[in-house]
Amino acid sequence: MKIADILPDLLSLTSKALRRSEIRELLKLTRQPGVISFAGGLPFPGLFPAEEMKDAVNTVLDKESELALQYGPTEGDSRLIEYLANWMREDEGMQIDNDNIMIVSGSQQALDLIGKVFIDPGDPIVVGLPSYLGALQAFSAHRARLIGVALDKQGMDVDRVEEILKDHKEKGERIKFIYIVPDFQNPSGVTMSLERRERLLDLCYEYGTIVIEDSPYRALRFEGESLPMVGAMDKKGYAFSLHTFSKILFPGARLGWIMANSTIMDKLIMAKQPTDLCTSPFCQSVVYEFCRRGLLKPHIKKIVKVYRKKRDRMLQALEEYIPEGAGIDWTHPEGGLFLWVCLPEHLDAEKLLIKAVEKKVAYVIGSAFHFDRSGKNTMRLNFSYPSEEQIDEGIKRLAGVIREAL
Ligand SMILES: Cc1ncc(COP(=O)(O)O)c(C=O)c1O
């Protein structure tokens with residue numbers, strides 16, 4: 001018997017439901033030589049603190065190799081947790097103890113663990129239209145039933161969330177959770193207003209559901225006043241907040257942290273154990289050493305300065321090259337890595353991408369972030385990875401493609 005013949009009987013229903021992401025295929029297209037890519041979501045590698053890391057690695061190996069090279073606790077290195085808890089308490093007003101934090105192997109792992117802990121096949125959850133693709137993949141892998149709610153420039157439409165919660169309650173069904181990226185959302189760059197954060201939390205209390213606040217970009221604010229984290233506003237343990245070192249330090253560390261009520265933390269720890277036993281103790285030790293030396297916050301300041309300039313350059317180029325009065329709109333992100341372009345309804349960003357790649361510029365089609373494949377006339381542009389010159393030239397090329405299509 002060939003393995004292919006017996007696989008259908010061997011594979012789980014979950015793995016049968018897994019689909020190769022079309023977006024990965026499209027991204028391959030954008031990686032051709034000479035293409036200026038606004039498609040990835042990568043931090044700028046020129047900002048990685050390689051020298052400081054080299055030093056931190058040497059110190060860790062000289063002073064604590066027995067700890068760093070050994071297995072560690074599933075919940076994470078207690079020194080790193082202490083550092084993060086202090087940061088979150090002092091700067092974010094989070095009312096947490098150290099045991100409300102678990103270190104994870106990137107916040108992507110936290111999304112998967114949340115799926116494992118909360119979702120049974122067919123369970124309804126609320127996500128944004130658009131939403132971060134990795135979250136949609138993680139929740140779909142646990143076979144959640146996704147219910148989409150549109151976003152506008154104030155974030156998720158909470159009136160619509162209320163209708164959904166009410167409808168489901170009437171049917172005797174409970175929405176398991178509401179997933180949001182409230183600060184400089186991936187993909188749209190939009191920040192959720194304070195009123196909506198408050199209202200969303202009130203709705204969770206009223207209807208008995210939780211909110212997953214995924215905030216990888218929160219520390220990357222270029223302008224405007226920071227709004228409180230939903231987790232900091234929550235007094236009842238209904239909010240779960242996810243953070244990561246990926247965008248403020250480097251993604252190769254694969255280090256993030258989840259903050260949750262202690263009654264559920266145990267479940268999250270138990271869900272993580274069979275996945276990887278623990279997040280790399282070596283990476284945790286090295287990143288802790290970097291933080292202990294007081295290097296993290298100045299490093300974030302440095303990144304913010306560079307990304308603000310890149311964002312400004314992209315906004316300036318859009319103003320300059322995109323034809324006025326053509327019904328093309330874009331977001332003005334106050335931080336993060338992305339902005340979102342909305343074309344007139346009749347334009348299809350996927351068809352346009354083929355032409356854009358011919359002209360050597362690329363982006364991600366907005367429909368990739370809509371689980372229902374809506375948002376055909378939208379696109380996500382990343383400004384952290386390309387240089388300022390590439391941003392200017394890339395937007396010029398993109399504007400040319402759009403003008404032709406119009
Ligand atoms: C909203 C959001 N959540 C989670 C992640 C995953 O981050 P990590 O590298 O910490 O796994 C990303 C990565 O781009 C993201 O944009």
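Some notes on this structure:
- Note that region 114-124 has calculated 3J(HN,Hα) couplings of 5, x, 4, 7, 10, 9, 9, x, x, 5, x Hz, one per residue in order, obtained from phi through the Karplus relation 6.51 cos²θ - 1.76 cosθ + 1.60 (θ = phi - 60°); glycine and proline are x.
- Close amide H partners of V361, meaning residues 5 or more places away or on another chain with modelled amide H under 5 Å apart, are I36.
- The listed peptides 50-58, 360-368, 63-71, ordered by packing as a protection proxy, come out as 360-368, 50-58, 63-71 (highest mean of other Cβ atoms within 10 Å first).
- Cα shape, region 176-294, gyration tensor, a/c 1.5 rule: oblate
- Once both labels are positioned 7 Å from their Cα atoms along Cα-to-Cβ, the gap between S262 and E51 label points is 4.4 nm.
- With a 1.4 Å probe rolled over the protein heavy atoms of all chains, the accessible area of W330, W340 falls in the order W330, W340, largest first.
- Beta bridge orientation in the chain: antiparallel %, DSSP, nearest 5: 55
- Gain on full stretching of the segment that runs from D372 to K171 - 0.36 nm per residue minus C-alpha separation: 70.1 nm
- Region 35-151 - convex hull of the alpha-carbon atoms, volume per residue in Å³: 200
- Cβ crowding within 10 Å averaged over residues, with 388-398, 279-289 ranked highest first: 279-289, 388-398
- What the Kirkwood sum gives for the chain is a hydrodynamic radius of 22.3 Å, with every pair of different alpha carbons counted.
- Proximal aspartates and glutamates relative to K272, as straight alpha-carbon distance under 16 Å, when same-chain residues fewer than 8 apart are discounted: E75, D77, D99, D112
- Surrounding net charge for D62, when Lys and Arg each add one and Asp and Glu each subtract one, Cβ distance under 13 Å: -2
- Shape of region 218-284, Cα gyration tensor, a/c cut at 1.5: oblate
- Backbone amide hydrogens, once placed in the peptide plane, bring V104 within less than 5 Å of G256, W257, I258, excluding anything fewer than 5 places away on its chain.
- Rg(Cα) / (2.2 N^0.38 Å) computed for region 34-78, rounded to two decimals: 1.79
- Prolate/oblate/rounded label for region 130-200 (Cα gyration tensor, a/c 1.5): oblate
- Value of relative contact order over the chain, rounded to a whole percent, pairs C-alpha under 8 Å and six or more apart: 24
The values are calculated or read from the model by the stated rules, or taken from the named source; none is laboratory data. Please read these numbers as outputs of a predicted model, since none were measured by experiment. Neighbour counts are summed over all protein chains in view; Cβ atoms, including those assigned to glycine, are modelled from backbone coordinates with ideal geometry. Accessible surface areas use protein heavy atoms only, side chains included; no ligands, DNA or RNA. Shrake-Rupley method; radii C 1.70, N 1.55, O 1.52, S 1.80 Å.
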